[in-house]
Amino acid sequence: MTTYQLEPIAALATAPGIGAIAVIRVSGERSIEITNQLFYGKNLTEQASHTAHFGTIRNADGSIIDEVLITVFRAPKSFTKEDVVEISCHGSEFIIQQILRRLMAEGVRLARPGEFTQRAFLNGQFDLVQAEAVADLIASDSDASHRAALTQLRGGFSKQLKELRQQLIDFVALVELELDFGEEDVEFAHRDQLRQLMLTIRRVLHPLIDSFSTGNAIKNGVPTVIVGKPNAGKSTLLNALLNEEKAIVSDIPGTTRDVIEDELFIEGIRFRLIDTAGLRQATDQIEAIGIERTQQKMRDAALVIYLFDGRNSQPDEFQLAINEIRASGKPYILVGNKLDAISDETRQTLEAIADEKVVWISAARHTHLDELKSALSARVRLDAAVQTGSAVVTNSRHYAHLTGTDNALAQAIDGLDSGVTPDWLAMDLRVALQHLGELTGEITTDDLLDSIFSKFCIGK
Ligand code: GDP
């Protein structure tokens, strides 16, 4: 594939703000020559790809702006497949501005958000799914979302889909050829093979489609709600969990990440505790947690923590509450609180009623909170069957095209079964191809590209 070099662009590639080092990336036609104009050191235009050179960047009058290390990447062996120069300078706002200004004076323009990645995509460095994974990777802030993005970046599902799409294209061509023969009863496209291919594609699509709710949860957090009767200890538990989280985060040296209210990271999964405002407020409000109110709370949740007071649970009422939770169809965990204040006998009685695993804790004393956390993460992993390294769909655009393809193929198969004419068949197949093509970026529109790449930050 021929690669293209567009006009030179530059941007700060590292995070803005003060740091020990900042990296300015320059990409495009003549970017090595242009940088060489400002650089005092070796002649960069004579240096091999993937080499680093120490020197100074200077003002037009020869005064030094900064000592820098310059890395040269020659097309097509660079991120954008264009000539690329990375200038590592000291991370001061002033120095960065001065260097960028010098580059501008030499005819380089500031890059738009995502422009480097867009160029990489246009030069065939990767497909659209992978380009979007770059954005996700940059934004990933939990182990699981990082892993999902990395899998996609490595080719993930799009490579396999691309191959299957190609096979489908060949079939469509044959079916369309049949159309040219009009009245004559010819069949160039082998129907059984076509059916097999469509079934194969659907088999590939289904786990991806199913992974979306998990993928989305991993990316955005698993919406989790704590429900239970008043005085069960919900706010005590919430505070215990969040305080532990704050302690964990501030124990990691050098972390500056603010603890986001109501978020919990357990074994790489992000849990978003929803509807916690009520729990954090004064407790003296008389809250009639009727079943209706609980159900409403549970509606937005993907995971329910049902917390009950072990000391104060009437068997009948307890049974009723558990039935309600089960009827909701939501994944849940039963958590018995106030372990410090109940007898073994009470515990066994309640466990017998529940007839399933209960996690016993004392929210007030922070007892068994680790067990609760393991149970939470195990529950999510179980539902999701998130296996390390398997492709997980986290992007709603991908999800829409995956389901679009699947529906079109289902129709095409139905059509085959009922013996539709080739023109109907071709139409369903075309729809499937369109979705697959848009998914991997083999079919693109400028609007789509703009909307995807504008979500990147500048310098990416
Ligand atoms: P909520 O209404 O469900 O939010 O319940 P709260 O968190 O306000 O707790 C109700 C009462 O139970 C408070 O007096 C807490 O101190 C008490 N409580 C909470 N957790 C425990 C526990 O583990 N053991 C004991 N003995 N009391 C607890």
- request: Please determine, by comparing only the residues of the range 418-448 that are within 26 Å of residue 123 (Cα to Cα) and of a type in the set (Ser, Thr, Tyr), which one is farthest from the chain's Cα centre (by Cα).
  value: 445
message: Need a quick list: helices (runs of 4 or more DSSP H) entirely within the range 316-417 having at least 3 residues that are under 23 Å from residue 223 (Cα atoms), at pLDDT 95 or above and away from the ligand (no atom under 16 Å from the Cβ).
response: none
query: Is one or more of the residues making up the range 280-297 modelled with pLDDT of 80 or more and not hydroxyl-bearing (Ser, Thr, Tyr)?
result: no
task: Test residue 24 against the stated conditions and say whether it is under 19 Å from residue 113 (Cα atoms) and assigned to a strand (DSSP E or B).
output: yes
task: Count, please, the residues in the range 446-457 that happen to be over 14 Å from residue 111 (Cα atoms) and either of a type outside the set (Ser, Thr, Tyr) or at pLDDT 70 or above (or both).
output: 5
- line: All-but-one check, residue 244 against (1) loosely packed, with under 15 Cβ neighbours inside 10 Å; (2) at pLDDT below 80; (3) within 16 Å of the ligand (Cβ to nearest atom), failing number (1)
- request: Look through 3, 51 and report the one residue that is closer than 17 Å to residue 78 by Cα and without any contact (Cβ under 8 Å) to a residue 60 or more places away in the chain.
  value: 51
- prompt: Counting just the residues of the range 56-83 that are over 38 Å from the mean Cα position of the chain (by Cα), of a type in the set (A, V, I, L, M) and outside any loop (DSSP other than H, G, I, E, B), which one comes out surrounded by the fewest Cβ atoms within 10 Å (Cβ to Cβ)?
  reply: 64
- prompt: Is one or more of the residues making up the range 355-367 of a type outside the set (Ser, Thr, Tyr), in contact (Cβ under 8 Å) with a residue 24 or more places away in the chain, surrounded by fewer than 16 Cβ atoms within 10 Å (Cβ to Cβ) and on the phi > 0 side of the Ramachandran plot?
  reply: yes
statement: Contact list, first residue from the range 222-242 and under 15 Å from residue 266 (Cβ atoms), second anywhere and of a type in the set (Phe, Trp, Tyr) and more than 9 Å from the ligand (Cβ to nearest atom), beta-carbon distance below 8 Å, six or more apart or interchain, is 222/271; 224/271
statement: Of the listed residues (307, 320), the one being of a type outside the set (Ser, Thr, Tyr), within 29 Å of residue 272 (Cβ to Cβ) and touching a residue at least 60 places away in the same chain (Cβ under 8 Å) is 307
Residue selected from the range 84-132 under the condition in a loop (DSSP other than H, G, I, E, B) and in contact with a Lys or Arg (Cβ under 6 Å, 6 or more places away or on another chain), by the criterion modelled with the highest pLDDT: 123
field: Residue in the range 298-315 that is farthest from the ligand (Cβ to nearest atom), counting only those that are touching a Lys or Arg at 6+ places or on another chain (Cβ under 8 Å) and modelled with pLDDT under 85
entry: 302
query: Can you name every residue in the range 10-29 that is out of contact with any Gly (no Cβ under 8 Å at 6 or more places or on another chain) and within 20 Å of residue 59 (Cα to Cα)?
result: 10, 23, 24, 26
task: Go through the range 109-121 and count every residue that is touching an Asp or Glu at 6+ places or on another chain (Cβ under 8 Å) and either buried (at least 17 other Cβ atoms within 10 Å of the Cβ) or more than 13 Å from residue 12 (Cα to Cα) (or both).
output: 2
query: Of the residues 141, 192, 180, which is more than 16 Å from the ligand (Cβ to nearest atom) and either at pLDDT below 75 or on the phi > 0 side of the Ramachandran plot (or both)?
result: 141
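The values are calculated or read from the model by the stated rules, or taken from the named source; none is laboratory data. Worth saying up front: this structure is predicted, and the values here are computed from it rather than measured. So basically every Cβ, Gly included, is an ideal-geometry build from the backbone, and we count neighbours across all protein chains shown.
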